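S.K.: The structure is given below, and queries will be raised subsequently.
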Amino acid sequence: MEKLFNINNKNILVTGASSGIGRACSILLSQLGANIFLVGRSKSRLAETYEMLLGDNHQIFEFDLLEVDKIKFFVKDNFSVIKFHSIVNCAGVSPTSPYLFSTPKKLQSTLSLNVMAPYELTRTVIKHASNSEMSIVFIASVMGMVGEKAKSMYSLSKGALIALTKSLAIELADKNIRVNAISPAVVDTPLIKNSEYYKSKEGMNKILEKHPLGIGLDKDIALSVLFLVSDQSRWVTGQNMVVDGGYTSK
């Protein structure tokens with residue numbers, strides 16, 4: 001796999017690297033020789049991820065992406081002289097709340113982390129580093145494509161990422177910057193385990209019924225990320241790669 005997906009010594013920025021899909025991506029990409037720049041809110045959990053990486057040319061950056069107005073200073077202070085090969089935007093929240101019980105504050109918090117943070121981080125890295133020949137990956141969701149009860153805020157945010165992917169792919173193509181999204185269905189991560197659906201056997205059965213191949217593993221998404229950050233996907237941009245165990249096939 002190392003010869004097929006050559007990312008040796010590539011600098012890859014991964015947000016949400018303290019757990020779940022972000023952690024899985026960091027581990028897999030490090031195993032193939034990439035230098036991982038880990039971004040997350042918890043330094044201790046980032047340190048746990050760091051210990052799981054192969055190699056020692058990696059760095060930890062503790063930062064709360066909800067502080068969107070501070071992202072430009074964070075990037076300028078830490079990343080302005082680094083040439084990144086890829087940015088993998090994994091950080092996010094998955095709120096479950098009936099539409100009539102949603103509030104502007106809850107919606108704003110969801111949009112801040114799921115949309116505004118990856119939008120601003122990616123924009124600022126490209127702007128300050130004057131990068132070219134990059135691969136940008138946004139972790140979206142099948143909820144950005146199909147509906148689900150009590151997931152209006154989450155669906156809204158992930159649908160925005162999918163739309164953003166298509167526009168950025170066109171706008172950044174002349175810089176040879178590719179932009180793609182990955183839309184998983186339910187993946188076995190701490191984020192999902194804390195959701196309302198996991199709190200009852202009935203809820204879990206309903207989830208399993210919607211996934212012909214069962215729920216996914218974080219490594220399933222990491223392998224898709226590997227393809228998109230590698231040169232094997234050099235002619236792929238503006239796409240929403242659905243990795244859902246058959247969820248959207250029904």
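S.K.: Checking the structure you have, find out if any residue of the range 82-89 is among the aliphatic types (A, V, I, L, M), in a loop (DSSP other than H, G, I, E, B), touching a residue at least 12 places away in the same chain (Cβ under 8 Å) and surrounded by fewer than 16 Cβ atoms within 10 Å (Cβ to Cβ).
M.R.: No, the conditions are met nowhere in the range 82-89.
S.K.: Going through Phe5, Phe74 one at a time, which residue ends up being among the aromatic types (Phe, Trp, Tyr) and either over 22 Å from Ser109 (Cα atoms) or part of a loop (DSSP other than H, G, I, E, B) (or both)?
M.R.: Among Phe5, Phe74, only Phe5 is among the aromatic types (Phe, Trp, Tyr) and either over 22 Å from Ser109 (Cα atoms) or part of a loop (DSSP other than H, G, I, E, B) (or both).
S.K.: Please specify each residue of the range 126-141 satisfying the condition of being surrounded by fewer than 21 Cβ atoms within 10 Å (Cβ to Cβ) and not in a loop (DSSP other than H, G, I, E, B).
M.R.: Ile126, Lys127, His128, Ala129
Rundown of residues vs (1) buried (at least 17 other Cβ atoms within 10 Å of the Cβ); (2) under 12 Å from Asn240 (Cβ atoms); (3) of a type outside the set (Val, Ile, Thr); (4) within 14 Å of the chain's Cα centre (by Cα), yes/no style:
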position	(1), (2), (3), (4)
Ser152	yes, no, yes, no
Ser155	yes, no, yes, no
Leu161	yes, yes, yes, yes
Ala169	yes, yes, yes, no
Ala173	no, no, yes, no
Asn176	no, no, yes, no
Val179	yes, yes, no, yes
Asp188	no, no, yes, no
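S.K.: Of everything in the range 84-112 that's touching a Pro at 6+ places or on another chain (Cβ under 7 Å) and not hydroxyl-bearing (Ser, Thr, Tyr), which residue is farthest from Ala140 (Cα to Cα)?
M.R.: Step by step, filter the range 84-112, then rank; the result is Lys106.
One line per residue, one yes/no per condition, for (1) of a type in the set (Phe, Trp, Tyr); (2) without any contact (Cβ under 8 Å) to a residue 40 or more places away in the chain; (3) in a loop (DSSP other than H, G, I, E, B):
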| residue | (1), (2), (3) |
| --- | --- |
| Ala17 | no, no, yes |
| Ile27 | no, no, no |
| Ser44 | no, yes, no |
| Glu51 | no, yes, no |
| Gly55 | no, yes, yes |
| Phe61 | yes, yes, no |
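S.K.: Could you tell me whether any residue of the range 11-27 is within 21 Å of Val125 (Cβ to Cβ), over 14 Å from the mean Cα position of the chain (by Cα) and surrounded by 15 or more Cβ atoms within 10 Å (Cβ to Cβ)?
M.R.: Yes: the range 11-27 contains one or more residues that are within 21 Å of Val125 (Cβ to Cβ), over 14 Å from the mean Cα position of the chain (by Cα) and surrounded by 15 or more Cβ atoms within 10 Å (Cβ to Cβ).
Each reported figure results from applying straightforward, stated rules to the coordinates on display, with no laboratory input. Because the structure is predicted, anything quoted here is derived from the model rather than measured. Using ideal geometry, Cβ is built from the backbone for each residue, glycine included, and neighbour counts are taken over all protein chains shown.
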